[in-house]
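Beneath this line is the structure, given in structure tokens, with notes to follow.
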């Protein structure tokens, strides 16, 4: 018996996926480009291989940051990254968006469309989310700060919201899912402004601006730059904070709006199905609980003097957090496409629970931490947590891919399917037709 129960695998045959995109930028600018760009790819290249290639580009961007600023001190800490590097990050993210957009088109060209592609796509998106938080915070000159932690929480919250919405018939960053009869179907709905389109383009713009003016540009005071610092009426209402902090403020309002809009979509769906409109709110609890565990972990010796925040393990800590989150939402998406119960508990939280309790022993029982008793021990524990998180997530991905590919008789990274005799055959209809 594999990772996915047999009765859940049977639900994969009923899965259907559709899409609606109302984004003006997508429909009139990007989609024509994507439609042309996908034709440059040979039909023997699997759609998941394209998705993975996009994530690999982002990983290269991340590697350049680690090489140039391994301790994540940014410009405030005296580390100067060549400005042209930020441009490569913008190009890399744009390519990721492009590859992410054409993988579905390539799937239809090659006859490989299905639930595996959705899971693979969302898995890569979950990994990319944390990587872009770290890169964008570097470009905004935020570095080791609570603003970066807030950015991580806010960005992951948006991703969790859309996954929660998808599970409950809602929207995936405005993804709309419906469950008619015994069929599980997915309808991708992108509104006039969405994270996968306009949101990514905004981050690309941050990289471009940093490549021109440097990351110090974002430290300029918003009222000073706008010429309003001498306006007493404005200064009495608006604090003269940095542009980067202002950006984070508006991002917070965006999160609040997404929470309301996501719940409104779920509310309407529940009303239409005559089910409880309050019960789905309980399914939001796993995220704030998991986020709180990470923040409590940082409370050593205190939140204002957090060793993790001020040390070189801040980035490994965020990466470990991101992998745990990717595992969490990956299980949610798997539950959706296979019709399984909602995953309330995630085993990867155990490390965070132990670490959070240990870090807060001085407040709980008045004694020093047992595991994180020194800076060195704290760093070793975080690196260990990162390794365990990586191994656990890789194991999860491998087991799920093996179960789905074996059950559906399809390959993950090649354009092949099993025939009735169990032999691998070329699944590309265009190549089969050409061969005849």
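Numbers below:
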quantity: Residue 96 vs. criteria modelled with pLDDT of 90 or more, more than 26 Å from residue 242 (Cα to Cα) and surrounded by fewer than 16 Cβ atoms within 10 Å (Cβ to Cβ); calculated: no
quantity: Count - residues of region 291-305 that are more than 11 Å from residue 355 (Cα to Cα) and either out of contact with any helix residue (DSSP H, G or I) (no Cβ under 6 Å at 6 or more places or on another chain) or part of a loop (DSSP other than H, G, I, E, B) (or both); calculated: 6
quantity: Criterion: in contact (Cβ under 8 Å) with a residue 40 or more places away in the chain, in contact with a helix residue (DSSP H, G or I) (Cβ under 9 Å, 6 or more places away or on another chain), more than 30 Å from residue 121 (Cβ to Cβ) and not in a helix (DSSP H, G or I) - qualifying residue of 308, 353; calculated: 308
quantity: Options 182, 210, 205; residue that is farther than 19 Å from residue 266 by Cα, at pLDDT 90 or above and touching a helix residue (DSSP H, G or I) at 6+ places or on another chain (Cβ under 7 Å); calculated: 210
quantity: Set 66, 135: member being touching a helix residue (DSSP H, G or I) at 6+ places or on another chain (Cβ under 9 Å), under 25 Å from residue 326 (Cα atoms) and buried (at least 22 other Cβ atoms within 10 Å of the Cβ); calculated: 135
quantity: In region 397-411, the residues that are surrounded by fewer than 20 Cβ atoms within 10 Å (Cβ to Cβ) and in contact (Cβ under 8 Å) with a residue 24 or more places away in the chain; calculated: 397, 399, 401, 402, 405, 406, 407, 408, 411
quantity: Considering residues of region 348-370 that are surrounded by fewer than 16 Cβ atoms within 10 Å (Cβ to Cβ) and either within 11 Å of residue 385 (Cβ to Cβ) or within 25 Å of the chain's Cα centre (by Cα) (or both) only, the residue modelled with the lowest pLDDT; calculated: 350
quantity: All positions within region 318-347 that are under 17 Å from the mean Cα position of the chain (by Cα) and not in a helix (DSSP H, G or I); calculated: none
quantity: Residue in region 70-84 that is part of a helix (DSSP H, G or I) and crowded, with 21+ Cβ neighbours inside 10 Å present; calculated: no
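The values are calculated or read from the model by the stated rules, or taken from the named source; none is laboratory data. These numbers were taken from a predicted model, which means no experiment stands behind them. Because the Cβ atoms are built from the backbone with ideal geometry, glycine has one as well, and the counts that use them run over all protein chains shown.
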